[in-house]
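One structure is given here, and the rest of the page talks about it.
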Amino acid sequence: MNCIGQRIKDLREKSGLSQADFAKICGSSQATVAKTETGKTTPSVKLLLGLADYFDVSMDYLTCRTDQPQGKLYECKPRMNVSGEDMKKFIEMCFDPASPFNSQLKETLFKMMEESQ
């Protein structure tokens, strides 16, 4: 059995779905599901995208590029090219001074900003 087929089978079984029920969800047949799970056929990109959405996993996970369901880039935190002062000005502009939560929200954002640098 190939890796993709095994991954699909594992997701299906963890969801408590039979091959027949799974086929209905996918708009396919039970025979096609069985062939996919055993590696006798390769799933289409359309099917993989549908499965990724249905199971809320990444395509990288479905295609065995990673063992993390969230995918390779899930934890990626791009560096911001904004200075601390520019970010503080932006945060100040985002909140209504009349709001009772204004100062608490700003304080939380400022702490998050400092922790990410």
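Once all protein chains are placed together, Thr38 keeps about 60 Å² accessible to a 1.4 angstrom probe.
Spin-label model, Ile25/Glu85: points 7 Å from Cα along the beta carbon direction are separated by 5.4 nm.
In plain terms, the chain from Leu48 to Glu114 could stretch by 19.8 nm, reckoned as 0.36 nm per residue minus the Cα-Cα distance.
Set the Förster distance to 30 Å, then compute FRET efficiency between Gln68 and Asn2 from the Cβ-Cβ distance, nearest 0.05. Computed FRET efficiency for Gln68 and Asn2: 0.95. Computed from phi, the 3J(HN,Hα) profile of the range 36-52 under the Karplus parametrisation 6.51, -1.76, 1.60 (θ = phi - 60°) reads 5, 5, 8, x, 7, 9, 9, x, 6, 4, 4, 5, 4, 5, x, 5, 4 Hz, with x in place of Gly and Pro.
Once you sort the root eigenvalues of the Cα gyration tensor of the range 10-50 as a ≥ b ≥ c, which label holds: rounded (a/c under 1.5), prolate (a/b larger than b/c) or oblate (the other case)? Rounded, because the longest to shortest axis ratio a/c is under 1.5.
The values are calculated or read from the model by the stated rules, or taken from the named source; none is laboratory data. What you see is a predicted model, and the numbers here were worked out from it, not measured in a lab. Please note: Cβ atoms are built from the backbone with ideal geometry, for glycine as well, and neighbour counts cover all protein chains shown. Please note that ligands, DNA and RNA were not included when accessible areas were found on the heavy atoms of the full protein model with its side chains. Shrake-Rupley method; radii C 1.70, N 1.55, O 1.52, S 1.80 Å.
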